[in-house]
Amino acid sequence: MTSRAAGIRYARALFDVALKEADVQQAGRDLAEFARIVSGHEGLSRVLSNPAIAAAQKRGIVDQLLLRAGTASPVVARLVRLLADRDRLVLLPEIVAGYRARLLEHQKVIRVELVTAVALPPDRVAALHQGLAQATGRRVEDVHLETRVDPAIIGGAITRIGSTVYDGSVTRQLAKMRETLSGAAR
């Protein structure tokens, strides 16, 4: 099983438990904060992901971190301790991403990623956000739009709505033309 798949399984389990026992949004914030602390300290990150260090030592470090932070919800603390015991703390980034995705899904929010060759002005992004909300049949606040600039696409845009990709980039159009021309030359 890949680390991404394992991370998603842990994230779903945490979400299901948090849904029954805690505030799902607070659990997500606590998990993200713990992961940020670990990733923000290079030495700590190295120690917790090193397979040569015993799980019991990692559990001790995690217990100290949780004690000092003092704000982690009990469900998140249990998960982090479980990860330490199983030597799976390396999965934290995947778990955070999986949890965020599950939370958005639970809230009926869709994620949309818009990639353009140049940065778009705020009014154009707002108009696109409104159009995407109408196209998906959602309220604007239920569409989480992330924009990214990638000069390699030359022009146009690539839009990802969930797992569906709409590629209107100049790079893709040129590739289609190349395929057509090479097919006609045969």
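A few points about this structure:
- Footprinting exposure proxy for Thr116, Thr136 (fewest neighbouring C-beta atoms within 10 Å first): Thr136, Thr116
- The chain - percent relative contact order, Cα under 8 Å, separation 6 or more: 21
- Across segment 78-118, the fraction of Cα-Cα pairs farther apart than 14 Å, rounded to a whole number, is 62%.
- Additional length obtainable on full extension of the chain from Val47 to Val170, 0.36 nm per residue less Cα span: 39.8 nm
- Placing unit charges on the Cβ atoms only, positive for Lys and Arg and negative for Asp and Glu, gives segment 108-184 a dipole magnitude near 140 debye about its Cα centre.
- Over the chain, equivalent-ellipsoid semi-axes from the Cα gyration tensor in Å: 40, 22, 15
- Cα-based helix-to-principal-axis angle, 170-184 vs the chain, degrees rounded to 10: 60
- Computed from Cα atoms, the angle from the helix 74-85 axis to the main principal axis of the chain rounds to 80 degrees.
- Taking the Cα centre of segment 32-186 as origin and assigning +1 to Lys and Arg Cβ atoms and -1 to Asp and Glu Cβ atoms, the resulting dipole is close to 280 debye.
- Cα-centre dipole for segment 3-105 with unit charges at Cβ (Lys and Arg positive, Asp and Glu negative), debye to 20: 180
- Two-site FRET efficiency, Ala184 against Leu120, from Cβ-Cβ distance with R₀ of 25 Å, rounded to 0.05: 0.10
- Cβ-Cβ FRET estimate between His106 and Glu146, R0 fixed at 25 Å, reported to 0.05: 0.85
- When both segment 98-152 and segment 1-20 are represented by their alpha-carbon centers, they are found 24 Å apart.
- Cβ-derived FRET efficiency at R0 30 Å, Arg36 paired with Arg138, nearest 0.05: 0.55
- Candidates Val140, Val118, His129 compared by Cα position along the dipole of segment 65-141: farthest toward the positive end lies Val140, with charges placed on Cβ.
Rule-based calculations on the coordinates, nothing more; no lab input. Predicted model only: the values in this text are computed from it and were never measured. In this analysis, Cβ positions are derived from the backbone assuming ideal geometry, glycine residues included, and neighbour counts consider all displayed protein chains.
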